[in-house]
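Have a look at the structure below, then the notes.
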Amino acid sequence: MSLQYSLFFIHRFKGKVLFNVPMRDYTSFRIGGPCDVMAFPQDEGDLHDLLQFAEAKDFPLFVLGGGTNLLVRDGGIRGIVVNMAEGFGDMRWEDETKVVCGAGVGMRSLVMECADRGLTGLEFACGIPGSVGGAVVMNAGAYGGEMKDVVEGVEVVWGRRKRFRGFLSRREINFSYRRTELPKGSVIVNVHIRLKKADPGEIRKRMREYGERRRATSAVGFPGAGSIFKNPEGMNAGRLIEEVGLKGKRYGDAQISDVHANYIVNLGRAKAKDVLGLMALARDMVYRIKGVVLEPEIRVVGED
Ligand SMILES: Cc1cc2nc3c(=O)[nH]c(=O)nc-3n(C[C@H](O)[C@H](O)[C@H](O)COP(=O)(O)OP(=O)(O)OC[C@H]3O[C@@H](n4cnc5c(N)ncnc54)[C@H](O)[C@@H]3O)c2cc1C
């Protein structure tokens, strides 16, 4: 790492900076080679410095939420990984039903707080791991609910001096199935969420039901990243993979779960290349036998 690179952080950055960090320690898959630098901005000032620095030096930058929807390749990530987990943890209630939530807040904390306050709208998300920022980017969803149903807009920061900070409305985010369209290079710092008042007993009941359904259908017992592929229109990706006979198929320590075929699990020391091999096999067989193209839901990043 260049001296200049290090000096920047020593002089200007309030948060922690780590070098040569194994990404497997920061992903739910427990897979991934090292990133050059991992920086933990404490606030928007830190984030601003980081974005401008990366842009000025032409260093690539990757934003990490909870790392629960990621497959990091075995060669790791070049440049700077911006870990949002240590700053951006505030929840500010603007009125009885509206919260402005830091992107680094855990989804679990937000869901529990809303239930405690008798607010409905996020029950679907109980059991979805990761951060609020990551959930917006992925338009995370389950049981008929999605983040787009409750998000009014996001505050984002990006590197170009001219338009350093802005608010994007729900319409501008352009949510679709497990997808959003944010301007390239933007980092979500706050999420504006609107919920509705409801009977706390009913909210808890729905959360319990969803929790039981989740345990019954996706308790795979090993590290993973949730669903690997999106469900094709009107179909179920797991069922398609199961029907082509791949349930339980294993490459190295990576296995197509024998509980839920749209999950790939890490049985111990799985490599990204093993997971990618299983993904390629599933896509190929489902296309050849069923004529259906599977599109990945997980984000694959880094170098081989
Ligand atoms: C056991 C398990 C169950 C799951 N169940 C579900 C489910 O039911 N439904 C579902 O939709 N998903 C599910 N997932 C997948 C995953 O939890 C969600 O997609 C989650 O919302 C990702 O959030 P994260 O913070 O971990 O994002 P990450 O994985 O860290 O990042 C995902 C993407 O968002 C970007 N990003 C993260 N934070 C920011 C930010 N602040 N600004 C800009 N970009 C950002 C990253 O660069 C990356 O491209 C599951 C995963 C696991 C492991």
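Since residue 135 meets every condition but one in (1) assigned to a loop (DSSP other than H, G, I, E, B); (2) under 23 Å from residue 113 (Cβ atoms), which condition does it not meet?
(1)
Just give me the residues in segment 188-220 being part of a loop (DSSP other than H, G, I, E, B) and free of Cβ contacts under 8 Å to residues at least 60 places away in the same chain, in sequence order.
Of everything in segment 188-220, those that are part of a loop (DSSP other than H, G, I, E, B) and free of Cβ contacts under 8 Å to residues at least 60 places away in the same chain turn out to be 219, 220.
Step by step: first the residues of segment 60-70, then only those that are surrounded by fewer than 23 Cβ atoms within 10 Å (Cβ to Cβ) and under 21 Å from residue 135 (Cα atoms), then the one that is farthest from the ligand (Cβ to nearest atom). Which residue is that?
We begin by selecting, within segment 60-70, every residue surrounded by fewer than 23 Cβ atoms within 10 Å (Cβ to Cβ); these are 60-63, 68.
Narrowing further to those that are under 21 Å from residue 135 (Cα atoms): 61-63, 68.
Values: 61: 10, 62: 6, 63: 4, 68: 3 Å.
Across segment 60-70, the extreme among qualifying residues is 61.
Name every residue in segment 238-294 that is farther than 20 Å from residue 25 by Cα and basic (Lys, Arg), in order of residue number.
Selection gives 239, 247, 249, 250, 283, 288, 290.
Yes or no, residue by residue, for (1) outside the structural domain of residue 118 (by TED's automatic domain parsing); (2) away from the ligand (no atom under 14 Å from the Cβ); (3) free of Cβ contacts under 8 Å to residues at least 12 places away in the same chain:
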site	(1), (2), (3)
226	yes, no, no
230	yes, no, no
234	yes, yes, yes
244	yes, yes, no
247	yes, yes, no
251	yes, yes, no
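Residues in segment 139-155 that are within 24 Å of residue 215 (Cβ to Cβ), within 12 Å of the ligand (Cβ to nearest atom) and surrounded by fewer than 23 Cβ atoms within 10 Å (Cβ to Cβ): how many?
7
Identify the single condition in (1) in a loop (DSSP other than H, G, I, E, B); (2) out of contact with any strand residue (DSSP E or B) (no Cβ under 7 Å at 6 or more places or on another chain) that residue 223 does not satisfy, given that it satisfies every other one.
Result: residue 223 passes all but (2).
The values are calculated or read from the model by the stated rules, or taken from the named source; none is laboratory data. This one's a predicted model, so the numbers in the text were calculated from it and none came from an experiment. No Cβ is skipped: glycine too gets one built from the backbone with ideal geometry, and neighbour counts run over all protein chains shown.
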